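The values are calculated or read from the model by the stated rules, or taken from the named source; none is laboratory data. None of these values were measured; they are calculated from a predicted model. Note: ideal-geometry Cβ built from the backbone for every residue, glycine included; neighbour counts use all protein chains shown. Remember, those area values only see protein heavy atoms, side chains included, never the ligands or the DNA or RNA. Shrake-Rupley method; radii C 1.70, N 1.55, O 1.52, S 1.80 Å.
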Amino acid sequence: MNKKVLVRSLAGIGLVAALVIAYRAFGWGHMGPVNSLKLDLSKPDALIRTPSLSTLPRDLLTVPLARDVLREEFLFYYEQSEDRLGLNGSLRRIAYEHELNWGDQLLRMVLDQPAEVALWRDADGSLKHYAIAVSRNQLTRLLEEAGKIALKDTQMTVAGSLRVDGDKVPVYALNYAYQRTLLFAAHGQRLVVLSHPGMLYGGKEGRDGDDTAEKTVASLLAGDAGKQQPFHPQFHLDPKAPDGHSIAVKADFLSFGYQPFFGALEALRFDFSKGAWQSGVLLNADKLPKGGYDNSALWPSLPNAPAACFAVPVDWAALQPVLKLMSGKTPESVTPLGEQLQGPAAACWYGQSRLHTPVFIATRQPQAGGDALYGSLFGSAIGGKDAVRQTSVQGGGARWERTVATGLGEAKPALAVAGNAVIFSADSKLVDQVLAVRRKQAPAAGDLLPDAAHTVGLIAPAALAQLIQREAFATLPASSEPVLRGAADAHLIPRLDALKKYPPYRMVLKRLPAKGTGWEELEWQAVQR
């Protein structure tokens, strides 16, 4: 199981994903031009505001679930990571050879001071690139010494320059390990560190500056406090520094780029203050669909105990271009389907299935009809040599299934319409489970929810642990990967056993912004079984 899949699986339980990836200290892949990264430095995917980066992992472990699952090895890994040790060693070498005393001081200046960390996703979807901005006195002497070192050191050089408040500010490159180079620049009391040279420079020689990136870094270095926070408006954050750690993550990153289909949901935020973590959601009331964010129609149809299940306010009008495109491949236009669908939709993962086969459920208008159009859409969207098999659904409706060959083996995706529900999954068994729930032949996730309308997420740690184990062992068969499988048995299984002890949790959104965009509290409540 790859690291990104595991981390994102844990994200639903709390803020593990945001913190684990965000604190991936001082590392990046191969050097490349900014255009090849497709990185817009003015629009980060996540933003951390913290009084001290070095205390972030330890504060994460104050969450009981994170403490039991990650344990103390989590702290050791990030305090003793290869990248951090390499950077520390390079700084000490430079300080020793040039008779300076800031080898450890520079690293502490970044990690042990109030800072803002902006993060961007790499081509593989992980938050790999970052910019750290700190305010600190006594930078003048450090900059003077850095300028002298850059003239004669092999690891530290001048990469370029920026214009900040009318001044020419040098940008230094520090090569601290094999294929590991970061940039840093300082002006006045501001210091900015970039994890990847390609975030600022590109071109064949790696020296061509990107205008947007240069303006962003210059703003972070500005003397005017109002200009030092160019990312705050995107996240609708208060300019005042938080009391503790605050991590905001855009919904587009968390949803693998599908956020345009539910534009009202813009970001999630996790705040640590006074020894406790709190969650919030950024919603745009003007983009909510008709009927608001009422999920009461979804939970009674979903099978009980999902590993993770989330309901989102879908903008069905955004689906029209996709349906229009598909209409060119179907016997008749399927665009009317976009007008039938209404309200939120849910995506749910179950322990007995796979990570790539969630079940999706949406609601259509009463007496909408047009079942044949769903069959046409399914037949065109799900390619395969075998014919589409259609059956009737008890109580009215239809079900379509097709056997297809995939890189992960044979799959049987299915689509069904039953009453006002539309159900799809790449695992036909999950579709059948939803139909069984609707026939009152199996328990529903909504049976234990006291307030289904305001429940936006549901997680059963025991089922989540089952799903993670299934994915991990599927990629580490004992016959061909005995060493890694043995490591998973020794280290992963005890963590998953600890995860299974926790009760299901639901995410509750009790109110919406009256108008415009604003943050609302997202409560985590244990579900009584």
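Brief remarks on what is shown
- Lone qualifier among A346, A317, A305 - being closer than 24 Å to K440 by Cα, out of contact with any Asp or Glu (no Cβ under 7 Å at 6 or more places or on another chain), open to solvent by 20 Å² or more (accessible area, probe 1.4 Å) and not aromatic (F, W, Y): A305
- Flag for E521 being over 30 Å from L415 (Cα atoms), open to solvent by 50 Å² or more (accessible area, probe 1.4 Å) and within 27 Å of the chain's Cα centre (by Cα): yes
- Residues of segment 388-405 that turn out to be modelled with pLDDT of 90 or more and over 19 Å from V434 (Cα atoms), as a count: 3
- Taking segment 444-501 as the range and being in contact (Cβ under 8 Å) with a residue 40 or more places away in the chain, over 30 Å from A526 (Cβ atoms) and hydroxyl-bearing (S, T, Y) as the test, only T475 passes.
- Candidate set from segment 182-216 (those that are at pLDDT below 85 and acidic (D, E)); member that is nearest to R136 (Cα to Cα): D210
- Enumeration of residues in segment 364-387 that are out of contact with any Ser or Thr (no Cβ under 9 Å at 6 or more places or on another chain) and not in a helix (DSSP H, G or I): R364, Q365, P366, Q367, A368, G369, G370, I382, G383, A387
- Within segment 309-328, residues that are under 21 Å from D286 (Cβ atoms) have Cβ atoms under 6 Å from residues that are among the hydroxyl-bearing types (S, T, Y) in these pairs: P313/Y293, counting only partners at least 6 apart in sequence or on another chain.
- Residue check, T475 surrounded by 13 or more Cβ atoms within 10 Å (Cβ to Cβ) and closer than 30 Å to F262 by Cα: no
- Test: residue in segment 413-428 that is of a type outside the set (F, W, Y) and open to solvent by 70 Å² or more (accessible area, probe 1.4 Å): no
- Test for V431: is it under 19 Å from L298 (Cα atoms), in contact with a Gly (Cβ under 6 Å, 6 or more places away or on another chain) and either surrounded by fewer than 21 Cβ atoms within 10 Å (Cβ to Cβ) or β-branched (V, I, T) (or both): no
- Residue check for S255: within 20 Å of the chain's Cα centre (by Cα), among the small types (G, A, S) and surrounded by fewer than 22 Cβ atoms within 10 Å (Cβ to Cβ): yes
- Of all residues in segment 31-83, those satisfying the criterion of being modelled with pLDDT of 65 or more, outside any helix (DSSP H, G or I), in contact with a Phe, Trp or Tyr (Cβ under 9 Å, 6 or more places away or on another chain) and not acidic (D, E) are L39, L41, S42, K43, P44, A46, L47, I48, T50, L61, T62, V63.
- For segment 333-341, the count of residues that are part of a helix (DSSP H, G or I), closer than 30 Å to L448 by Cα and touching a Phe, Trp or Tyr at 6+ places or on another chain (Cβ under 9 Å) is nonzero.
- Residues of segment 438-471 satisfying the condition of being touching a helix residue (DSSP H, G or I) at 6+ places or on another chain (Cβ under 6 Å), buried (at least 21 other Cβ atoms within 10 Å of the Cβ) and more than 13 Å from P504 (Cα to Cα): R438, A452, I468
- Helices (runs of 4 or more DSSP H) contained entirely in segment 422-529, each with at least 2 residues that are polar (S, T, N, Q) and under 30 Å from V388 (Cα atoms): 428-438
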